Amino acid sequence: MSQASIVIGETSQFSQAELKAAADAVLEAFRGFEDCTLVKLTFSEAFSQRQRELASSPLPKGTDTVVFNSEFRVGPNGQNNGLNPNSTYRDWTWTVTRAEPSAPWTVTNWGVA
């Protein structure tokens, strides 16, 4: 993962430090994806907002939510989480939430957008 490109765009809602902490939560969750290599992790305020609007279940009021987009490769042994070996996944989203500004970010959902 150290070679992954991490792009965090500007937002009026969160500081860059807050978004970096949210990205770190994604990176930690990604460690559980066996034989996978993260290529790119991106935060765009417009994309995140749109994904939140499309969410099937609303989050509790006051919950901070950001959605990242990613691309990663699956190696020959990467059947973890039902992934196809020797594949590249694009537009894989990661929903990250926290209950309050001082709380840690937690990945609460992931999958294809």
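The values are calculated or read from the model by the stated rules, or taken from the named source; none is laboratory data. The structure presented is a predicted model; accordingly, all values stated were derived computationally and were not measured. Don't worry about glycine lacking a Cβ; one is built from the backbone with ideal geometry, like all the others, and counts go over all protein chains shown.
Taking segment 72-97 as the range and being in contact with an Asp or Glu (Cβ under 8 Å, 6 or more places away or on another chain) and surrounded by 17 or more Cβ atoms within 10 Å (Cβ to Cβ) as the test, the residues that pass are VAL74, GLY78, TYR89, TRP92, THR97. When you check ALA46 against the structure, is it of a type in the set (Gly, Ala, Ser), surrounded by fewer than 20 Cβ atoms within 10 Å (Cβ to Cβ) and without any contact (Cβ under 8 Å) to a residue 24 or more places away in the chain, yes or no? Yes: the conditions hold for ALA46.
Scoring LEU19 on the criteria (1) among the aliphatic types (A, V, I, L, M); (2) surrounded by fewer than 16 Cβ atoms within 10 Å (Cβ to Cβ); (3) part of a helix (DSSP H, G or I) leaves a single failure, condition (2). The number of residues in segment 52-74 that are at positive phi and either touching a strand residue (DSSP E or B) at 6+ places or on another chain (Cβ under 7 Å) or among the charged types (D, E, K, R) (or both) comes to 0.
When we screen ALA4, ALA25, ALA29 for residues that are out of contact with any His (no Cβ under 6 Å at 6 or more places or on another chain), at pLDDT below 95 and closer than 22 Å to ARG73 by Cα, the only hit is ALA4. Of all the numbered requirements in (1) part of a strand (DSSP E or B); (2) more than 16 Å from the chain's Cα centre (by Cα); (3) among the charged types (D, E, K, R), LYS40 misses one, and that requirement is (2).
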